[in-house]
């Protein structure tokens with residue numbers, strides 16, 4: 001299964017490798033398409049387009065938080081469009 005991976009800024013970028021290791025450890029049949037899009041920069045329009053195309057094609061993705069630089073009051077185009085995508089945050093609890 002192809003999955004789009006956008007680490008994002010801050011902790012998302014820091015834990016991406018761990019997330020990939022966990023999926024590999026459990027033998028999840030995932031091939032990651034990683035795009036290092038950032039909310040901290042307005043540069044990289046081509047990278048943003050590639051990431052959006054990947055999400056549309058794969059129909060599943062894992063995205064970290066895209067930050068807003070200090071002093072800015074409006075999100076970049078990438079943050080606005082990624083924020084408009086539907087998301088699911090399923091949580092299950094298994095008692096011990």
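If you go through segment 14-48, how many residues are at pLDDT below 85, surrounded by fewer than 16 Cβ atoms within 10 Å (Cβ to Cβ) and under 15 Å from residue 65 (Cβ atoms)?
2
Return yes when residue 89 is loosely packed, with under 13 Cβ neighbours inside 10 Å and modelled with pLDDT of 85 or more and no when it is not.
Values: loosely packed, with under 13 Cβ neighbours inside 10 Å: yes; modelled with pLDDT of 85 or more: no.
No.
The values are calculated or read from the model by the stated rules, or taken from the named source; none is laboratory data. Everything quoted here is computed from the prediction, not taken from an experiment. Quick reminder, even Gly has a Cβ in these numbers, built from the backbone with ideal geometry, and neighbours come from all protein chains shown.
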